[in-house]
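To start, the structure itself, in structure tokens.
The values are calculated or read from the model by the stated rules, or taken from the named source; none is laboratory data. The model shown is predicted, which means the values in this text are computed figures rather than measured ones. In this analysis, Cβ positions are derived from the backbone assuming ideal geometry, glycine residues included, and neighbour counts consider all displayed protein chains. Just so you know, the surface numbers come from the protein's heavy atoms only, side chains and all, with ligands and any DNA or RNA stripped out. Shrake-Rupley method; radii C 1.70, N 1.55, O 1.52, S 1.80 Å.
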Amino acid sequence: MSTTDFGAFPAVTGGAYAAPATSEQATAPERPAWSNVKAPDARSQPTAAVAFTNGRRALKVFLANPNALFGTAFLALVIAVALLAPVLYPDDPLSMVGKPFLWPGQDPTFPLGTDSLGRDVLAGILHGSRISLFVGLMATALSLTFGVFVGAIAGYFAGWVDDLLVRLIEIFQTLPSFVLLVVLVAIVQPSATTVTLAIAVISWPTVARLTRAEFRTIREKDFVMAARSLGFGHGRIIFREILPNALPPIIVTSSVMVATAILMESALSFMGLGDPNVVSWGSMIGTGRELVRTAWYLTALPGLAIVFTVLALNLIGDGLNDALNPRFTQDR
Amino acid sequence: MPLILASDLKTHYKTRDGLLRSVDGVDLVVERGETVGLVGESGCGKSTLGKTLLRLVDPTEGRIEFKGEDITTLDQGRLRNVRKSIQMIFQDPFASLNPRHTIGEILEAPLIVHKAGNRPARRRTVAGIIAKVGLPADAINRYPHEFSGGQRQRIGIARALLLNPDLIVCDEPVSALDLSIQAQILNLLVEMKKEFGLSYLFISHDLSVVRYFCDRVLVMYLGRIVESADNETLWSDPRHPYTRALMAAVPDPSRPRQAAPLGGDLPSPSNIPSGCRFHTRCPLATQLCRVADPEFRSIKPGHQVACHVADQTN
Amino acid sequence: MTSLLLQVENLTIGFPRAEPVRNLSFEVRAGETLAIVGESGSGKSLTALALMQLLPRAAAVISGRIIFDDRDLLGLDAREMRHLRGRDIAMIFQEPMTSLNPVMSIGRQIGEVLKAHEKLSGRAARERAIELLKLVRIPAAEKRVDDYPHQLSGGMRQRVMIAMAVACRPKLLIADEPTTALDVTIQAQVLDLLDTLRRELQMAVVLITHDLGVVAQWADRVVVMYAGRKVEQALPGELFNDPLHPYTRGLLSASPRLKHDFHYLEGPLTEISGSIVSAAGEVGCPFRPRCCQARASCGHQVPPLIAQTPDRLVACPFTSSLKAVPDAAHLSL
């Protein structure tokens, strides 16, 4: 309070140091005196440092992080492999092409060897990346869409809408998610699409909770108050005002969600609940499981592919977190 | 007809600590062209009162009339038209602008929402208002974080002016700003008032700013207005002991330092003292004050006070 | 003449791309209250952190000396400094809620400070904590000692912070905007308390604030900072009766005053145009871009501090011509 009270001091009262009257230009200032020229304080201003994550700066922070770069590079490689697999190995990776149990390096036609049925392991891994990425990305996209929508509605409207949606979220969260996943897949025909849907069904509540929490915080901010006082509709406030500000943590989570979805798909395939018509990393491990003592490379190689892809996604997640979290970006 | 009128307005919140009586029976009038100051300590409910008048917070009880129309229970759709006429300027110029939109987007959005003209016309309006509040024309393409606190407050003022409102609720518009910037913003507000014929409800904890800026002053304590008078009268003849304590607490270089005028803290609005709500801190409290809630009465034309002993305080 | 407790000489603090405090010198005498006043961006808070050697990681003292009790603090190693902090120099901050640990009772927090500097049993620490709470005038200290920070009001929390700060009877207390987060009636209580404790415990106080009113009533001497430099130093009476630097004069005339019946209908407030950011990258006087009296020569070099009396310094060579500005000029606009 009272940053501003100076009482009746002789020198101050009456504006001792006020704008010079017209006759007093003798002191010849180079510019207009205090007077009440509209202070053009915007002209010469560099930025004030604030906790705002702007895109370019976030990108800079992200690119300066070697772990994140490694993650991005590896993920790019996996994507490239997934796109190129049909070109490099146009044949069905499930077809038997050579002698069984060729170790990696034993036969130059099969650089990573063959499995018990004589299927090319490299072709399997390359094609497997397609299914892993498809399931990972699609499941994440679906659960993001639904989770953000539910979370946004719950967090923004509060009241009974919130109560209702939170109950819904809680129902899903109290069920052991992997068991639910197994049940879901067991009920329907296992295919890449149904597996994706099932994973999305069990992972949207996380997104919804996160979004809801973000919305509840941001809803109280003055700029949202301002938007309401200007008569903005709910849709505009939710999607144009709040959502862009709620995105950073959601983006960070989504990279980890892709990783989790890949793991879940692998686990399902390992248990034989995946799509039987396509090869996936999980199913490769599943079939190699019984031979782990004699031909460990059959489980180790797709296993490594999973480990590195998931690691890459987690590193990207960490990198994004550092880049988008204003607390870390304030290098000041 | 007053521009805005509130009668027996109450805004209560349910919290874990019980019922929070933020605004607890406020009568208030703002006439056209008037600047009304609302002063009080943090937690006295002045901000909630401002938001309730704008229907940003729903009142628990009471009635709000804007230009004679009852807006207490208007639904959001019909409220939209009223919203054009009542605007708000916020305290924190860092929080009140969406960090992800450019100034152009921030200022154009209200015009889009209220379907004011086509794109070129809107652009012209925005450019005009930006110049009016003393921002450079290239501000349109920049983001809020590129501006200093004073400039952002100018943007906030521009946004409030866009829809040609009649009343602007200013919630501590200068208290987050540095001293050397405050005068710039206050002068701008005065100028805009003259140019657009605005009325202000000026919420502030800074008495010296209110002293300069307002025509009439309301002093608020724990959810109630305890004194109301025109500017001149209030400063020359404050009656409520709380008003006097507030004035005495402002550090003043022109007089020797006095002991702190008030002991204790503001009681919680969830646990309001019985009787006169100020009696726990009042130096003049009598037995009567502990039991009876004083009514808000006129002691002379245009000067009202809620105090049992106000007449004896001279 | 009282003895010098703290001497800061030519202190320059730098970040990788900026120098927010430049060539700052001042001294604190034993038992006095020195106010450092300035707006945000003036470098006043960084100066306080430098005294405590608690600068943010990116910042560093580039040059200068900080002599406390005949020792240069900049020459001390981390262990010696830790020993000094809290015992000889203590600090309180603006926001008492975030400066207190929310999951520890206030009694224990005060006890931790005591135990850090002397050997004490838990029971003795608690006794001392209660004594300290009484010292800072917290009613029912015996009961309050087990309260958690969220159970206290803002004013009470700041009292607890003060109790922690004075626990080891420091010779110097640095108060960084101690009342900015508080209401005006509470502010008066807290500043009164600080002043009483200063006398009772014979410590010196460095009061960092942006509030000129606070300066006027609670400081023995005032240093005005602008953009990292000292622009004026004076006794409070002198500063308010006869401000010399254009910045100080501008600030005083830009402020509405309670006891001065100037109203918006009578005319606008005098403004200082621009903002402090425009000082960035200036070669000469940091205030030049906003100064109505600026001349060409102001851009050549930083104006040196001119001593009018030993306690009256001003960093502007044109103060005498400034006084020629007429009274009541803004009424004529």
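General observations
- Computed per residue of the protein assembly as shown from DSSP H runs no shorter than four, each worth -39500 (n - 2.57), the mean residue ellipticity at 222 nm is -13000 deg cm²/dmol.
- Peptides C:99-105, A:239-245, ordered by how many other C-beta atoms sit within 10 Å of their residues on average, highest first, read A:239-245, C:99-105.
- In the context of the full set of protein chains, chain C has a per residue accessible area of 39 Å² (1.4 Å probe).
- Positive contributions from Lys and Arg (+1) and negative ones from Asp and Glu (-1), summed over other residues with Cβ under 12 Å from the Cβ of C:His83, come out at +1.
- Rg and Dmax over the alpha-carbon atoms of the stretch C:1-105 stand at 14.6, 46 Å.
- Checking the Cα-Cα distances for B:Lys51/B:Lys84; B:Lys10/C:Lys143; B:Lys46/B:Lys84; A:Lys221/B:Lys46 against a 24 Å cut-off, the pairs over it are B:Lys10/C:Lys143.
- Within chain B, DSSP assigns beta bridges of which about 60% are antiparallel (rounded to the nearest 5).
- Between A:Val97 and A:Leu168, the C-beta separation translates, for a Förster distance of 45 Å, into a calculated FRET efficiency of about 0.35.
- Chain C: relative contact order as a whole-number percent, Cα under 8 Å and 6+ apart: 19 percent
- Centre separation in Å (Cα based) which lies between the stretch C:1-63 and the stretch C:292-308: 22 Å
- Selection from A:Met264, A:Pro276, A:Ala312 lying farthest towards where the dipole of the protein assembly as shown points positive, charges on Cβ: A:Pro276
- Electrostatic dipole magnitude of the stretch B:4-221 [Cβ: Lys, Arg +1; Asp, Glu -1; Cα centre; debye, to 20]: 840 debye
- By the Cβ distance rule of under 4.7 Å, chain B has these cysteines without a partner: B:Cys44, B:Cys170, B:Cys214, B:Cys282, B:Cys307.
- Distance between the stretch B:200-253 and the stretch B:138-158 - C-alpha centres, whole angstrom: 31 Å
- The magnitude of the dipole of chain C, with charges of +1 and -1 set on the Cβ of Lys/Arg and Asp/Glu and taken from the Cα centre, is near 700 debye.
- Between the listed residues B:Ile140, B:Gly77, B:Leu38, the Cα displaced farthest toward the positive end of the dipole of chain B, a dipole computed from Cβ unit charges relative to the Cα centre, is found at B:Ile140.
- Helix axis angle, C:122-135 relative to chain C longest principal axis, alpha carbon, degrees: 40 degrees
- Neighbours of B:Ile272, meaning other residues whose beta-carbon lies under 14 angstrom from its beta-carbon, give a summed charge of +2 when Lys and Arg score +1 and Asp and Glu score -1.
- Charged-residue dipole, Cβ positions (Lys, Arg, Asp, Glu), the protein assembly as shown about Cα centre, Debye nearest 20: 440 debye
- Qualifying aspartates and glutamates (Cα of each under 12 Å from Cα of B:Lys67; at least 8 residues distant if same chain): B:Glu31, B:Asp166
- In chain B, taking the dipole from charged Cβ atoms about the Cα centre, the farthest positive-side position among B:Leu284, B:Leu162, B:Tyr200 is held by B:Leu162.
- Hydrodynamic radius of chain C by the Kirkwood approach over all distinct alpha-carbon pairs: 21.3 Å.
- Note on C:Lys171: lysines with a C-alpha under 22 Å away, same-chain residues under 8 apart excluded, are C:Lys44, C:Lys115, C:Lys119, C:Lys134.
- Calculated diffusion of the stretch B:4-221, Stokes-Einstein form, Kirkwood radius summed over Cα pairs, 4 °C and 1.567 mPa s, µm²/s: 72 µm²/s
- Interface C:A - total buried accessible surface [probe 1.4 Å, Å², rounded to 100]: 4000 Å²
- The Stokes-Einstein estimate for the stretch A:54-329, based on a Kirkwood radius over Cα pairs and taken at 4 °C with 1.567 mPa s viscosity, is a diffusion coefficient of 63 µm²/s.
- Kirkwood Rh, Cα atoms: Rg over Rh of the stretch A:178-294: 1.21
- For C:210-219, mean number of other protein chain Cβ atoms within 10 Å: 6
- Accessible area buried at the B-A interface, both sides summed, 1.4 Å probe (Å², nearest 100): 4100 Å²
- Cut-off 11 Å between beta-carbons: net charge of the residues surrounding B:Asp92, Lys and Arg +1, Asp and Glu -1: -1
- Taking every alpha-carbon pair under 8 Å whose residues sit at least 6 apart, the stretch A:54-329 reaches a relative contact order of 27 percent.
- Peptides ranked, highest mean first, by Cβ atoms within 10 Å: ranges B:207-213, B:102-108, B:42-48: B:207-213, B:42-48, B:102-108
- Between the stretch A:120-199 and the stretch B:77-136, the Cα center-to-center distance that results, in Å: 40 Å
- The stretch B:195-314: relative contact order as a whole-number percent, Cα under 8 Å and 6+ apart: 25 percent
- Cα gyration tensor shape for the stretch B:127-183, rounded if a/c is under 1.5, else prolate or oblate: oblate
- For the protein assembly as shown, the direction-averaged projected area of the alpha-carbon convex hull comes to 48.2 nm².
- Share of carbon and sulfur in the accessible heavy-atom surface of the protein assembly as shown [1.4 Å probe, %]: 57 percent
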